[in-house]
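Report on the structure given below.
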Amino acid sequence: MKKFALNLLFFIAIILLINCYFYKIVFENYFNEYEYVDLNNSTYLLSDSHGLPLEKQNNQFQFYNFAAGSDSYIDMKRKLQYLVENSKIKRLLISVDNHTLSIYRDNQNNLDRSNYFAKRNEYSNLYAYLKEKYIERFIPFISPKSRDILKINFQLEDNKTKVRKEWNTLSKKEKKAISIKRVKQQFPESNYSTKQKNALNDIISICNKNNIELIGIKFPLSNEYLDALDDSNYNSDTLLISNRIKVYNFSKQYVNSPALFKNQDHLNQTGGKMLSLKIYKILQKNDSIALDKLH
């Protein structure tokens, strides 16, 4: 019996060590960057992947880019609540692109990562809270996304990354086909997501309650994507405008500059730097107007 107990303890110890090793891999490649935020800023950007090409931080404007690929409005709401409690936030820039209220964001999101910022009262019961915030996080094999990270980590280097052609090197036919496919993915149904709209309304309320200036941003899109998009729009920008919130529409800003795009609806680094400067000028102008009103 004693030998069995020792063997069992040894087996458990091995399993725990393996789990710790796998968790370290997942944390470093999946959770760590998502959770980090500099809290010593007054202006923050919340967005999905469309905000990633923008400058990460600018001390002059106390600006911090808190965007993450696949972030939904539920993820952004959690981040905002965290910023309200822990940072010096006075202004929030948020993406209100045509697709951001899409029902596909109910499934393709970062709820498994943004739960780091979530509170107990967001969950229906204690079990759901513990399961999503701790159990699925610290036992990687339980979470499908964590398992995917592990698979990618152990792949051969040649299989990890596929080299994509630069957007401006593609033919018109290729650009059109890729853009149509992307629009179909982002607009699977005619109706918007109630969950995402409720979360965006909550974000508006949180900003109003905490005297945070909210500004909507529509990111630049390629000419081919705009053609494929046509009039498809879930109207997140309209929701802000109806609440008398400024929305800056950059969707057609660089339609004649394909070299500034990484793909059909994302800027590359060069395009991101250019848009960052444009946004900083707007912030500077807004601050000057606000200062004049005080005098």
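The values are calculated or read from the model by the stated rules, or taken from the named source; none is laboratory data. Keep in mind that what you see is a predicted model, and the values were worked out from it rather than measured. In this analysis, Cβ positions are derived from the backbone assuming ideal geometry, glycine residues included, and neighbour counts consider all displayed protein chains.
Of the numbered criteria (1) farther than 23 Å from Phe66 by Cα; (2) surrounded by 14 or more Cβ atoms within 10 Å (Cβ to Cβ), the one Asp230 fails is (2).
Under the condition of being crowded, with 22+ Cβ neighbours inside 10 Å and closer than 21 Å to Lys119 by Cβ, the residues counted in the stretch 79-104 number 6.
How about the stretch 154-168: which of its residues are out of contact with any helix residue (DSSP H, G or I) (no Cβ under 7 Å at 6 or more places or on another chain) and either assigned to a loop (DSSP other than H, G, I, E, B) or modelled with pLDDT of 95 or more (or both)?
Phe154, Gln155, Leu156, Thr161, Lys162, Val163, Arg164, Lys165, Glu166
Once the stretch 38-71 is narrowed to residues that are hydrophobic (A, V, I, L, M, F, W, C), part of a loop (DSSP other than H, G, I, E, B) and under 13 Å from the mean Cα position of the chain (by Cα), the residue that is farthest from Leu111 (Cα to Cα) is Leu54. When the stretch 86-96 is filtered for residues that are more than 15 Å from the chain's Cα centre (by Cα), within 18 Å of Ser205 (Cβ to Cβ) and either assigned to a helix (DSSP H, G or I) or aliphatic (A, V, I, L, M) (or both), only Ile89 remains. The residues of the stretch 179-213 that are hydrophobic (A, V, I, L, M, F, W, C) and closer than 17 Å to Leu46 by Cβ, listed by number, are Ala199, Leu200, Ile203, Ile204, Ile206, Cys207, Ile212.
Looking only at strands (runs of 3 or more DSSP E) that lie completely in the stretch 202-295, which have at least 2 residues being of a type in the set (D, E, K, R) and modelled with pLDDT of 95 or more? The strands (runs of 3 or more DSSP E) meeting that bar are 213-218. One residue alone among Phe31, Phe27 is surrounded by 11 or more Cβ atoms within 10 Å (Cβ to Cβ), touching a residue at least 40 places away in the same chain (Cβ under 8 Å), part of a helix (DSSP H, G or I) and aromatic (Phe, Trp, Tyr), and that residue is Phe31.
Considered as a group, the residues in the stretch 97-122 that are aliphatic (A, V, I, L, M) and either more than 27 Å from Leu229 (Cβ to Cβ) or part of a loop (DSSP other than H, G, I, E, B) (or both) include one that is modelled with the highest pLDDT, and that residue is Leu101.
Is it true that Glu166 is within 22 Å of the chain's Cα centre (by Cα), surrounded by 12 or more Cβ atoms within 10 Å (Cβ to Cβ) and charged (D, E, K, R)? So Glu166 does not fit the description; no.
Selection within the stretch 252-275: residues that are small (Gly, Ala, Ser) and surrounded by 19 or more Cβ atoms within 10 Å (Cβ to Cβ). The member of this set that is nearest to the chain's Cα centre (by Cα) is Gly272.
Counting the residues of the stretch 9-24 that are more than 29 Å from Asn86 (Cα to Cα) and either surrounded by 16 or more Cβ atoms within 10 Å (Cβ to Cβ) or among the polar types (S, T, N, Q) (or both) gives 2. Quick check on Leu83: is it among the aliphatic types (A, V, I, L, M), under 20 Å from the mean Cα position of the chain (by Cα) and assigned to a helix (DSSP H, G or I)? Taking the combined requirement at face value, the residue satisfies it. Selection of the stretch 171-230 for residues being on the phi > 0 side of the Ramachandran plot and acidic (Asp, Glu) yields only Asp230.
Among residues of the stretch 167-212 being in contact (Cβ under 8 Å) with a residue 24 or more places away in the chain and acidic (Asp, Glu), the one that is farthest from Ser102 (Cα to Cα) is Asp202.
Could you grab me the full set of residues in the stretch 176-188 that are in a helix (DSSP H, G or I) and not charged (D, E, K, R)? Correct list: Ala177, Ile178, Ser179, Ile180, Val183, Gln185, Gln186. Assess whether Lys173 counts as being under 15 Å from Tyr30 (Cβ atoms), in a helix (DSSP H, G or I) and among the basic types (Lys, Arg). No, not satisfied. The set of residues in the stretch 123-153 that are surrounded by fewer than 18 Cβ atoms within 10 Å (Cβ to Cβ) and part of a loop (DSSP other than H, G, I, E, B) comprises Tyr123, Ser124, Asn125, Ile139.
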